[in-house]
Amino acid sequence: MTTQHDLFDPIEVGDYTFPNRIIMAPLTRNRAGEGNVPTEMNVSYYQQRAGAGMIITEATQISPQGVGYPATPGIHSDEQVAGWKRVTDAVHEKNGHIFLQLWHVGRISHPSLQPDGQLPVAPSAIKPEGETFTYEGLQEFVEPRALEKDELAGIIADYVNAARKAMQAGFEGVEIHAANGYLLDQFLRDGSNQREDEYGGSVDNRMRLLREVVEAVCAVIGNRKVGVRISPENSFNDMYDSDAQNTFNAVTEMLNGFNPAYLHVLEGDMGSDKRELDYAHI
Ligand SMILES: Cc1cc2nc3c(=O)[nH]c(=O)nc-3n(C[C@H](O)[C@H](O)[C@H](O)COP(=O)(O)O)c2cc1C
């Protein structure tokens, strides 16, 4: 038997009870200021939306390497923490609740956005089809550099550092962005992950980085303050998996083992009507 809930009934999410079931989806706005610091425009934008049961912020880079677009905010410098603190204070002043979405774009970047003009990084050196937004306008994606295995501990540490800083900035929790063709999703799906080490090949190997990130973040801020977003059949950012049902059945089972605050699933394909998977099993 299912229970009917009104949109305006409270809902329990992890450690919290939110006053209604309206959740604002994460939306990139490209409105950060100098140093990728949230500005007054971000403060009023989020405060205006504080009546939602919960806001998930726009994707926010965990490190200078994690950036992929102009004017997106970060959560790795003290100035960014101070900027986000103004946002969370403004949301809390209106009795709102807000989670920060943690982001590393992986190959969906461009050397002109990367520190010292370096190549974007990815599980494998596979160039996505298409063009990306840069400060000089649309430019073709480049072939990324495949991450060395010994660099992955540093990326996990960046997620942990960013999650700690998010809590310092006053967020209720974080959402780990493992959707939409960014770094963690690039590891999950075999179209972008052709590694031959223990981070590629089998589904278990491909989800190893996500598992390690979730485990490390949960250990530091508590599993009931951590959500995860996935997008099993979204082709956005040139993504593909040869058996998405099998991959994401395993991913959700693995995530369930952490008893996170929530799982955020983007169903179907953002760019088409395609929706073929059995989400009941995901
Ligand atoms: C302008 C724009 C920015 C977006 N930014 C993000 C983002 O930062 N993080 C994210 O996970 N999804 C982002 N999305 C995806 C949305 O959260 C949402 O999933 C998508 O619009 C599809 O809507 P639906 O999930 O209700 O079908 C963005 C979408 C749009 C149109």
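The values are calculated or read from the model by the stated rules, or taken from the named source; none is laboratory data. Keep in mind that what you see is a predicted model, and the values were worked out from it rather than measured. Here Cβ is always computed from backbone atoms with ideal geometry, including for glycine, and neighbour counts include all displayed protein chains.
Mind checking whether some residue in region 190-207 is basic (Lys, Arg), under 19 Å from Ala280 (Cα atoms) and at pLDDT 95 or above? No, region 190-207 contains no residue that is basic (Lys, Arg), under 19 Å from Ala280 (Cα atoms) and at pLDDT 95 or above.
Of everything in region 191-236, what is more than 23 Å from Asn161 (Cα to Cα), surrounded by 22 or more Cβ atoms within 10 Å (Cβ to Cβ) and in contact with a strand residue (DSSP E or B) (Cβ under 9 Å, 6 or more places away or on another chain)? Give them in sequence order. Scanning region 191-236 gives Ser192, Asn193, Ser231, Pro232.
In this structure, is Ile156 surrounded by 23 or more Cβ atoms within 10 Å (Cβ to Cβ), closer than 22 Å to Val81 by Cβ and β-branched (Val, Ile, Thr)?
Working: surrounded by 23 or more Cβ atoms within 10 Å (Cβ to Cβ): no; closer than 22 Å to Val81 by Cβ: yes; β-branched (Val, Ile, Thr): yes.
Criteria not met by Ile156.
Name the strands (runs of 3 or more DSSP E) wholly within region 5-101 that hold at least 3 residues that are in contact (Cβ under 8 Å) with a residue 12 or more places away in the chain and of a type in the set (A, V, I, L, M, F, W, C)? Break it down stepwise before answering.
Details: elements: 11-13, 16-18, 54-61.
Passing ranges, in order: 54-61.
Select from region 251-278 the residues that are without any contact (Cβ under 8 Å) to a residue 24 or more places away in the chain and part of a helix (DSSP H, G or I) and write down the one among them that is farthest from Ala216 (Cα to Cα). Checking each candidate, the answer is Glu253. Condition check: under 24 Å from Asn237 (Cβ atoms) and in contact (Cβ under 8 Å) with a residue 40 or more places away in the chain. Does Ala122 satisfy that? Criteria met by Ala122.
Is it the case that some residue within region 237-244 is closer than 18 Å to Thr60 by Cα, of a type in the set (Phe, Trp, Tyr) and either in contact with a helix residue (DSSP H, G or I) (Cβ under 7 Å, 6 or more places away or on another chain) or touching a residue at least 40 places away in the same chain (Cβ under 8 Å) (or both)?
Our first condition is that a residue be closer than 18 Å to Thr60 by Cα; within region 237-244, this holds for 237.
If we keep only those that are of a type in the set (Phe, Trp, Tyr) as well, we get none.
No, there is no match, as no residue in region 237-244 is closer than 18 Å to Thr60 by Cα, of a type in the set (Phe, Trp, Tyr) and either in contact with a helix residue (DSSP H, G or I) (Cβ under 7 Å, 6 or more places away or on another chain) or touching a residue at least 40 places away in the same chain (Cβ under 8 Å) (or both).
Among the residues making up region 134-181, those that are assigned to a strand (DSSP E or B), within 16 Å of Gly68 (Cα to Cα) and within 16 Å of the ligand (Cβ to nearest atom) are Leu138, His177.
Residues checked against (1) in contact with a Pro (Cβ under 9 Å, 6 or more places away or on another chain); (2) within 21 Å of Thr39 (Cα to Cα):
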{"site": "Thr60", "(1), (2)": "yes, yes"}
{"site": "Pro64", "(1), (2)": "yes, yes"}
{"site": "Gly68", "(1), (2)": "yes, yes"}
{"site": "His97", "(1), (2)": "yes, yes"}
{"site": "Val105", "(1), (2)": "yes, no"}
{"site": "His110", "(1), (2)": "yes, no"}
{"site": "Leu119", "(1), (2)": "yes, no"}
{"site": "Glu131", "(1), (2)": "no, no"}
{"site": "Leu147", "(1), (2)": "yes, no"}
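State yes or no: is Gln139 surrounded by fewer than 16 Cβ atoms within 10 Å (Cβ to Cβ), over 22 Å from Phe18 (Cα atoms) and of a type in the set (S, T, N, Q)?
Numbers: surrounded by fewer than 16 Cβ atoms within 10 Å (Cβ to Cβ): yes; over 22 Å from Phe18 (Cα atoms): yes; of a type in the set (S, T, N, Q): yes.
For Gln139, the condition - surrounded by fewer than 16 Cβ atoms within 10 Å (Cβ to Cβ), over 22 Å from Phe18 (Cα atoms) and of a type in the set (S, T, N, Q) - is met.
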